[in-house]
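Here is the structure we will look at.
Quick note: the coordinates plus some simple rules give every number you see, no bench work behind them. Fair warning: this is a prediction, and the values are worked out from it, not measured in the lab. Glycine gets a Cβ as well: all are built from the backbone with ideal geometry, and neighbour counts include every protein chain shown.
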Amino acid sequence: MGKIVRVGVTFPSKLLSDFDRIIQDMGYKSRSKAIHDTVRTFVNKQKWLADIKGTKTGSITMIYNHEMRELESDLTHTQHHFESIICATMHVHLTKEKCLETIAVKGEAEKIKRLVEKLKARKGVEEVTLNVFSI
Ligand code: NI
């Protein structure tokens, strides 16, 4: 193990209590160890994503709060901007506030990644996952 650095981080209390409950169920004895593993997974995923090149097929799935002002129209606007790589979109009304949307994509990996980053960056979008295939 390399040099250890101490950092101070604030969490929304619900997120931290959910995290603590999950890591306890998983058998973690140390919150720091669980956070290291979580950050490592995030870093590895971003590195993997950065290496994806060429034409890819896949799906982007996101959960967002449709009651957030202008979010739904912004997301639609973004999707129209990327119409050349979007094959289809499926929308599911999950609860009174939350929607799930799956976007089937096919095209240049760089463009797919740009679309994912645009969606992720928007406030009110809670989760975005990307699955890609080399077809
Ligand atoms: Ni909806």
* To do: Determine the gain in length on full extension of the stretch Met26-Ala88; use 0.36 nm per residue of separation and subtract their C-alpha separation, reporting nm with one decimal.
  => 18.6 nm
* Which values, in whole Å and largest first, are the semi-axes of the equivalent ellipsoid of the stretch 47-104 obtained as the square root of 5 times each eigenvalue of the Cα gyration tensor? -> 24, 13, 11
* Structure fact -> The base-10 log of I(q)/I(0) that the Debye equation returns for the chain at q = 0.16, 0.20 Å⁻¹, one scatterer per C-alpha, is -0.98, -1.19
* Glu127 to Asn44: extension gain in nm, 0.36 nm per residue of separation minus the Cα-Cα distance? -> 28.1 nm
* Roughly how many nanometres apart are two label points built 7 Å out from the Cα toward the Cβ at Asn65 and Glu97? -> 0.4 nm
* Structure fact -> Candidate span helices, the chain: DSSP H, at least 24 Å along axis from Cα coords, Kyte-Doolittle average at least -1.0, result 31-51
* So for the pair Glu108, Asp18, with labels modelled 7 Å out along Cα→Cβ, what separation do we get in nm? -> 3.6 nm
* Asked: Of the listed peptides 66-77, 42-53, what is their order by residue-averaged count of other C-beta atoms within 10 Å, with the highest listed first?
  -> 66-77, 42-53
* Cβ-based exposure ranking for Lys98, Lys3, Lys14, in which fewest neighbours within 10 Å come first -> Lys3, Lys14, Lys98
* Ranking Val7, Val105, Val125 by Cβ neighbours within 10 Å, fewest first, what do you get? -> Val7, Val125, Val105
